[in-house]
Amino acid sequence: MAISHLVSPLPSLPFFQTGNLTGRSSSLPLNPNPQFSKSSLSRGRAATLVLRSKGDDSVDASDRIISAVCYFYPFFDGIQYGKFIITQYQPSQILIQPLFPAIKAFKSFPFNGFLIFIALYFVVVRNSNFSRYVRFNTMQAIVLDVLLIFPDLLERSFNPRDGFGLDVVMSLDSTVFLFLLVCLIYGFSACLFGLTPRLPIVADAADRQVL
């Protein structure tokens, strides 16, 4: 590794042979001032290590927070798919209850989802002032939200009232909701720790959109 090479012991300085007037050879160091060489080398090592420390892949706290918050967007937009789970299972109500005010505000205007989509895509994803980490996570949240079109089309096309069709719709909605919940927990937690979450299905699509 580069750092281990930098801090490894230095090889011995080469010597060259010189002849004196009597014909005998003597060994002289190539650098007659080893203290000056050692001092210069130490400063060079320190400068190199400082440069390497500035070039790490750490993520700023602001980038982590912005990226983490973006994953609430598809979850809020698809919260209706959890109506069967939320109404039937008490633990899920306890888990979602702290988010009710934010969900209510999100759903208060019919075009909030579309406006947030436009804002995230053009203000964040297409803005080079944001880091690639923020733009990638934002794009993942957008792609995840776009995928909600498909279960919505299926539900609107069939819309069964009872029987086997209703069981299929309940299973589909519950699966979509659980997938959104897992993506929220995984994406939010990973971003808070400065990691890069790669969600199934949407990660490759987000990579292609983020330059």
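The values are calculated or read from the model by the stated rules, or taken from the named source; none is laboratory data. Given the structure is predicted, the values throughout are model-derived calculations rather than measurements. As a convention, Cβ positions derive from the backbone with ideal geometry for all residues, glycine included, and neighbour counts pool all protein chains shown. Accessible surface is based on the protein model in full, side chains and every heavy atom, while ligands, DNA and RNA are left aside. Shrake-Rupley method; radii C 1.70, N 1.55, O 1.52, S 1.80 Å.
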Checklist line | Förster radius 41 Å - calculated FRET efficiency between A61 and S108 (Cβ-Cβ, nearest 0.05) | finding: 0.85
Item checked: Two-site FRET efficiency, Q93 against R132, from Cβ-Cβ distance with R₀ of 35 Å, rounded to 0.05 -> 0.40
Note to self: Under the 0.36 nm per residue contour assumption, what length would be gained going from the current alpha-carbon distance of F84 and D162 to full extension?
What the structure shows: 26.7 nm
Notebook entry, point to check: Using modelled amide H (1.01 Å from N, peptide plane; none on Pro or chain starts), what sits under 5 Å from the amide H of L148, excluding residues fewer than 5 places away?
Noted result: none
Checklist line | Solvent-accessible heavy-atom area per residue, rounded to whole Å², over the stretch 61-210 at 1.4 Å | finding: 57 Å²
